Amino acid sequence: MTLTRPMPTDASSILSQQGTPIAAQLAVRFAVVVTKWATRRRTRLALSQLEPWQLSDVGLTRDDVRDEYRRVFWRV
């Protein structure tokens, strides 16, 4: 009978394993950063497409949305 460890599902688990090659660590870190950037971009685009009544529901003005939408994707 062979025992196997389950594959970790998050990036920090992968990076904390002993023996993980440096190239794999860099690839995972790169993928995490690119995913965050893509999520920010997608979220800001969706926010810019909300109707005025929806913005009012979440407490934002059109100016707030414009400022957020104009931010570059790598800025929080």
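The values are calculated or read from the model by the stated rules, or taken from the named source; none is laboratory data. On a predicted model such as this, the values are computed, not experimentally measured, just so you know. Glycine also receives a Cβ, built like all others from the backbone with ideal geometry; neighbour counts cover every protein chain displayed.
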Discussion item. Suppose we filter 48, 13 for residues that are at pLDDT below 85 and surrounded by 10 or more Cβ atoms within 10 Å (Cβ to Cβ); which single one remains?
Written reply: 13
Discussion item. What's the total number of residues in segment 31-76 that are in a helix (DSSP H, G or I) and either of a type outside the set (Val, Ile, Thr) or touching a strand residue (DSSP E or B) at 6+ places or on another chain (Cβ under 7 Å) (or both)?
Written reply: 26
Discussion item. Six or more apart or on different chains, Cβ atoms under 8 Å: show the pairs whose first residue is in segment 26-55 and farther than 16 Å from residue 71 by Cβ and whose second is small (Gly, Ala, Ser) and assigned to a helix (DSSP H, G or I).
Written reply: 28/11; 29/11; 31/11; 32/11
